Amino acid sequence: MAATHGHPVRIIVVRLVVVAALLIGVFTALGTLIASGPAAVRDADLDVVRWFAAHRTGWLLRATAAGTYLSDTWTVIAATALLAAAAGWWTRRWLLPAAAVLLTAGETAIYELTGLLVDRPRPPVPRLDVGDPAAGYPSGHVAAAVCLYGGVAVFARWAAARRRAAAGVPPARGVVDVVAAAAAAAAVLAPLVVAFCRVYRGMHHPTDVLAGALIGACWLAAVARVLLRPALAAVDDRRPRPAPPPKATAMS
């Protein structure tokens, strides 16, 4: 069995399956509590959605329609494919492309199973996007945004660090560093934008998008800890080391 920096693939798979099962259990319990627990939470949730629905404006309708596409299904599929292809080209190994796919595919599985187990419909306001009326909890768009843009940030940061290590001395700020900084900003801003868009457009309650963000963050952290970091370290271990400088010979 192939190994990733000392971790057999079988062990990695088992660990991630356990994490996924735990996340499904925890967020199913949380969703059930929200849906059938204290009415004050549901009332506060609904008040926010109704306020947005009553104060919709033309330019925000257009902006939120565009913002939703940041983690639309086809956006996520296309971006994941590009990330996997870039990781494969850069490292010439299969584990990192697999990790890129696992980030969004695993999040989707967790979101779908949690949604099936929690009976919470979408908010009772005019909804501006197409979607299953019963799929209110959690927000898959927000979970996908966290995993997708967070994954890009992890890869970009590693690429920037690898460039610095290869240079041997602190290099001038280059394209890779700029991309890494932009990816880090996107990892924070994109999920916030998507969360606002989904609530504004009547597709989710605030607690739905919060649950989606937490699911995405937990899954991203798990994949990064269990698979991405060991895989990236293994790639670095295979990188050719610069030859040591020749020893100075004593003058006779």
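The values are calculated or read from the model by the stated rules, or taken from the named source; none is laboratory data. The shown structure was predicted, so the numbers you read here are calculated from the model rather than taken from an experiment. Because the Cβ atoms are built from the backbone with ideal geometry, glycine has one as well, and the counts that use them run over all protein chains shown. Surface areas here come from the heavy atoms of the whole protein model, side chains and all, with no ligands, DNA or RNA. Shrake-Rupley method; radii C 1.70, N 1.55, O 1.52, S 1.80 Å.
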Item to complete: For residues that are open to solvent by 50 Å² or more (accessible area, probe 1.4 Å), over 17 Å from Leu16 (Cβ atoms), assigned to a helix (DSSP H, G or I) and free of Cβ contacts under 8 Å to residues at least 40 places away in the same chain, tally how many sit in segment 103-156.
Response: 1
Item to complete: Output the number of the condition that Phe196 fails; it satisfies all remaining conditions of (1) modelled with pLDDT of 95 or more; (2) of a type outside the set (Ser, Thr, Tyr); (3) open to solvent by 70 Å² or more (accessible area, probe 1.4 Å); (4) part of a loop (DSSP other than H, G, I, E, B).
Response: (4)
Fill in: Hey, Asp72 closer than 22 Å to Gly136 by Cβ and either of a type in the set (Ser, Thr, Tyr) or within 22 Å of the chain's Cα centre (by Cα) (or both) or not
yes
Discussion item. Looking only at segment 74-100, count every residue that is buried (at least 17 other Cβ atoms within 10 Å of the Cβ) and under 16 Å from Val146 (Cα atoms) and tell me the total.
Written reply: 6
Worksheet entry | Close pairs from segment 188-205: first at negative phi, partner acidic (Asp, Glu) and surrounded by fewer than 24 Cβ atoms within 10 Å (Cβ to Cβ), Cβ under 6 Å, at least 6 apart | Arg201/Asp129; Met203/Asp129; His205/Asp45
Worksheet item: Out of (1) out of contact with any Pro (no Cβ under 7 Å at 6 or more places or on another chain); (2) under 28 Å from Pro123 (Cα atoms), the odd one out for Trp89 is which?
Response: (2)
Fill in: In segment 75-102, the residues that are without any contact (Cβ under 8 Å) to a residue 24 or more places away in the chain and either touching a Lys or Arg at 6+ places or on another chain (Cβ under 9 Å) or in a loop (DSSP other than H, G, I, E, B) (or both)
Arg92, Trp94
Practice prompt. Confirm whether Val49 is β-branched (Val, Ile, Thr) and surrounded by fewer than 16 Cβ atoms within 10 Å (Cβ to Cβ).
Written response: no
Fill in: In segment 200-223, the residues that are open to solvent by 10 Å² or more (accessible area, probe 1.4 Å) and of a type in the set (A, V, I, L, M)
Val209, Leu210, Ala213, Leu214, Ala217, Leu220, Ala221, Ala222
